[in-house]
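Peer 1: Sending over a structure as C-alpha cells; questions will come in a sec.
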Amino acid sequence: MANSTLSATVPKPHTLQSSFPKHSIFNHRPILPPSNFSRLVVNNAKHSWKWSSIAPIKKCIFDVGIGLLAASVLVLSPLEANATRIEYYATVGEPDCELNYVRSGLGYCDVSVGPGQPAPRGELINIHYTARFADGTVFDSSYKRGRPLTMRIGVGKVIKGLDQGIGGGEGVPPMQIGGKRKLRIPPPLAYGPEPAGCFSGDCNIPGNATLLYDINFVNIYSGNR
C-alpha cells in the first residue's frame with residue numbers, strides 16, 4: 001500500500017534518499033554529497049567562463065575573415081574592370097578598313113585575318129564584340145560584361161548580318177580564329193523595321209537601324225554542347 005502512493009505524491013528532491021526504499025529505481029543514482037556538488041558548480045562556472053571567453057574570439061576571427069574577403073573583392077574588381085575597359089575602348093580605336101559590299105547589302109573588312117581555322121558552320125564559337133549605331137554610339141559590348149559571347153553560327157540563331165559576316169557566304173569569306181573584322185549591317189540583315197531589345201516599353205535598338213560591329217573571333221567553344 002505504501003508503494004501505491006508514489007504515483008500520486010512525488011517528494012521534493014532533498015527528501016529522495018530518505019523517502020524511497022533502499023533498492024528503489026529512484027535511488028539507482030546516488031545523490032552527490034554537498035562537497036562534490038559545490039565542486040561541480042565551480043567546475044560548471046569555469047566551463048561556462050571558458051565558452052563565454054572563446055565565443056567572442058571565434059566571432060572576431062570570423063569577422064576578420066569576412067573583412068579580408070570583402071577587401072579582396074574590392075581590390076580585384078577595379079583591376080578586372082580596368083582590363084575590360086581597355087579591351088572595350090581598343091575596339092573603338094582600331095584602324096579603319098575599307099568596307100567591301102556584297103549583294104545582300106552587308107559591308108565587311110578584315111582588320112586582321114586570324115591564323116586559326118575558319119568558323120565552322122553550325123558550331124558554337126566564342127566572340128568578343130562591340131556594337132554601335134551608324135552615328136558611332138555604342139549600344140552593346142561583350143567587353144563590358146568581361147567575357148566573350150558564345151553563339152551558334154550559320155543556323156539562324158543570330159541576326160543574318162552576323163551569320164553571314166562571321167560564318168561567310170554570298171561572297172563573304174568566313175572569319176578565322178584570332179581574326180578581327182568590321183561589319184556594317186543594313187536593317188534587312190539586322191532587326192528590320194521593328195524596334196529590338198525592348199523591356200518595359202523601352203527599346204535599345206530603334207526600327208530600321210543600321211548596325212556596326214567590331215568582331216574578334218576568340219575560339220571555338222569547347223564546353224558542353
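Peer 1: Considering only the stretch 169-191, state which residues are open to solvent by less than 30 Å² (accessible area, probe 1.4 Å) and either within 33 Å of the chain's Cα centre (by Cα) or at pLDDT below 90 (or both).
Peer 2: Hits for the stretch 169-191 are MET175, GLY179, ARG181, LYS182, LEU183, ILE185, LEU189, ALA190.
Peer 1: Taking the stated definitions as given, is GLY161 of a type outside the set (S, T, N, Q) and open to solvent by 20 Å² or more (accessible area, probe 1.4 Å)? Give the steps one after another, and end with the answer.
Peer 2: Working: of a type outside the set (S, T, N, Q): yes; open to solvent by 20 Å² or more (accessible area, probe 1.4 Å): no.
Here the answer is no, as GLY161 does not meet what is asked.
Peer 1: Please go through (1) among the basic types (Lys, Arg); (2) outside any loop (DSSP other than H, G, I, E, B); (3) open to solvent by 50 Å² or more (accessible area, probe 1.4 Å) for ARG132 and return the number of the only condition it doesn't satisfy.
Peer 2: Status for ARG132: all satisfied but (3).
Peer 1: Restricting attention to the stretch 97-112, and to residues there that are open to solvent by less than 50 Å² (accessible area, probe 1.4 Å) and part of a loop (DSSP other than H, G, I, E, B), which single residue is farthest from GLN164 (Cα to Cα)?
Peer 2: Checked the stretch 97-112; the qualifying residue farthest from GLN164 (Cα to Cα) is CYS97.
Peer 1: Any idea how many residues of the stretch 113-126 are out of contact with any helix residue (DSSP H, G or I) (no Cβ under 7 Å at 6 or more places or on another chain), touching a residue at least 40 places away in the same chain (Cβ under 8 Å) and open to solvent by less than 50 Å² (accessible area, probe 1.4 Å)?
Peer 2: The total comes to 6.
The values are calculated or read from the model by the stated rules, or taken from the named source; none is laboratory data. On a predicted model such as this, the values are computed, not experimentally measured, just so you know. Every residue, glycine as well, gets a Cβ built from its backbone with ideal geometry; the counts of neighbours run over all protein chains shown. Note: areas computed on protein heavy atoms with side chains; ligands, DNA, RNA excluded. Shrake-Rupley method; radii C 1.70, N 1.55, O 1.52, S 1.80 Å.
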